[in-house]
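The values are calculated or read from the model by the stated rules, or taken from the named source; none is laboratory data. Remember, it's a predicted structure, so these values are computed and weren't measured experimentally. Every residue, glycine as well, gets a Cβ built from its backbone with ideal geometry; the counts of neighbours run over all protein chains shown.
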Amino acid sequence: MTPDKPGHIDNRFFDAFRNRSFAFQWPADLLTSWAFEMETLILGWFVLVTTDSVILTAAFAALQFGGTLLSPFFGVIADRVDRKSMLITMRVGYTVLAAMIMTLGLIGIVTPWQLFIIAAISGLIRPSDLVIRHSLIADTFTTAGLRNAMGLSRTTMDTARIAGSLLGAGLLSSVGIGYAYGAVVGFYVASIGLAFGINTKHTFTPSGVRPWQELKLGFRYMLESEVIVAIMSLAFLVNLTAFPITHGLLPILARNVYGLDENGLARLVAFYASGALMGSLLIAGMGGASRPGRATVIAILLWYGLLAVFAQITTAAAGTLVIALIGCAQSFAMISMSVLLLSTTEIRYRGRVSGVRMLAVYGLPVGLILGGVLIEAFGTRATFTVYCAIGIVATGLIVLRLPALYRN
């Protein structure tokens, strides 16, 4: 088999790049992830310092995930049209919205409320970017090569939390939001150019069934699989109680507990991402998947345990060490979960299943808003501790109720 054929992969660490389509998709996804992370840090910090409101900051972060409710419909579309074209179209949309913020910043008239509106629009499509990314990768590789490819793919998001956050913070503090967003727009444009090199291996045509009926068939297919139901349940749980701590609520901890500025926040994010990157690289180098369901459960419990420790730390030095370990555990959990889901799902349902999987991300905005309210009422450490306790207990209940997950 030649290197360019889908599914060709051996145990060499970077062998996924021998596939030409993945060699274009990986840098395209990398630049998009960097732009996403820059936007998250720049806008989150801008809203926090201009409004001085924890609740508004948490609500703003939640807006960026509002489109998770639309992800199943994006999944239906992804099963009916060319996925490469869909990916490019979505990224053109990100570019236009980022260019609007850049223009407002350069003119000097940007306000938090303008950002709320733009973030709400962007949040309708951004969550589905991951649906198309993963579907394209699963179309390209067989189950034997999927773990390596997904591990390498995950590094695009991990490196983004390092480079994107540091670059975003540096540009915001040195040249302001307008010029900082010029870099964001540049990353999106370059990503679109690279995406044209992606080779779609599978074409999908409308089956004559209405889109709404196709979505219903997808839900029926998922409900018949105990493993898929378990994955969906765990995905919602970690988005509700784990991700809020290290994502939208992290600026609050950085400023109110550690007394850090935007550059200190960026360093904290970079350590978290460094740990996640290490986890992704370890997964990529482990070759074929071995009991990804069991690996998912163990990694999630370790993730919550480290978050519980993180909740009790009051110094930035100790926090940066623990948050790196948190990132590593998070990568093991999420990559193992994705490998199991994509390898379990039949190809004709892959877009819809991935789209419904993104519904679990809706737990993140709920967790962010609830976390903001609880922090105002009870404090940061108490809120984080409660989230961890809920996560550990709920994970155990899911495994007991759906044991097929742990057997895989």
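Structure data summary
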quantity	calculated
Unique match (being touching a residue at least 60 places away in the same chain (Cβ under 8 Å) and touching a Gly at 6+ places or on another chain (Cβ under 8 Å)) among Gln330, Gln312	Gln330
Pairs, first closer than 11 Å to Leu307 by Cβ in the range 380-393, second crowded, with 18+ Cβ neighbours inside 10 Å and of a type in the set (Lys, Arg), C-beta under 6 Å, six or more apart	none
Answer from Leu260, Leu265 - the residue that is outside any helix (DSSP H, G or I) and among the aliphatic types (A, V, I, L, M)	Leu260
Selection count where residues are farther than 20 Å from Gly363 by Cβ and assigned to a helix (DSSP H, G or I), scope the range 243-257	3
Failed condition for Thr103, given (1) over 25 Å from Ser336 (Cβ atoms); (2) within 16 Å of the chain's Cα centre (by Cα); (3) among the hydroxyl-bearing types (Ser, Thr, Tyr)	(2)
Criterion: buried (at least 21 other Cβ atoms within 10 Å of the Cβ), among the β-branched types (Val, Ile, Thr) and either free of Cβ contacts under 8 Å to residues at least 60 places away in the same chain or within 26 Å of Asn263 (Cα to Cα) (or both) - qualifying residue of Val175, Val110	Val110
Enumeration of residues in the range 218-242 that are free of Cβ contacts under 8 Å to residues at least 24 places away in the same chain and either among the aliphatic types (A, V, I, L, M) or closer than 13 Å to Val361 by Cβ (or both)	Leu223
Matching option when the condition is touching a Gly at 6+ places or on another chain (Cβ under 6 Å), at pLDDT below 80 and in a helix (DSSP H, G or I), among Ser128, Ser135	Ser135
Whichever residue in the range 271-290 is touching a helix residue (DSSP H, G or I) at 6+ places or on another chain (Cβ under 8 Å) and at pLDDT below 80 and, among such residues, is surrounded by the fewest Cβ atoms within 10 Å (Cβ to Cβ)	Gly288
Flag for Val356 being at pLDDT below 85 and either of a type outside the set (Phe, Trp, Tyr) or touching an Asp or Glu at 6+ places or on another chain (Cβ under 8 Å) (or both)	yes
Selected residue (only one of Phe36, Phe46 is in a helix (DSSP H, G or I), in contact with a Lys or Arg (Cβ under 9 Å, 6 or more places away or on another chain) and modelled with pLDDT of 80 or more)	Phe36
Residues satisfying the stated conditions in the range 113-125, i.e. in a helix (DSSP H, G or I) and touching a residue at least 24 places away in the same chain (Cβ under 8 Å)	Leu115, Phe116, Ala119, Ala120, Ile121, Ser122
Qualifying residue in the range 294-303 (condition: of a type outside the set (Gly, Ala, Ser), farther than 26 Å from Ala169 by Cα, modelled with pLDDT under 85 and more than 18 Å from the chain's Cα centre (by Cα))	no
Residue within the range 375-382 that is closer than 19 Å to Ala61 by Cβ and hydrophobic (A, V, I, L, M, F, W, C) present	yes
Options Ala276, Ala308; residue that is more than 16 Å from the chain's Cα centre (by Cα) and assigned to a helix (DSSP H, G or I)	Ala308
Count - residues of the range 190-228 that are at pLDDT 90 or above, of a type in the set (A, V, I, L, M) and surrounded by fewer than 17 Cβ atoms within 10 Å (Cβ to Cβ)	0
Top-ranked residue of the range 350-408 - restricted to ones that are part of a helix (DSSP H, G or I) and among the polar types (S, T, N, Q), ranked as surrounded by the fewest Cβ atoms within 10 Å (Cβ to Cβ)	Thr385
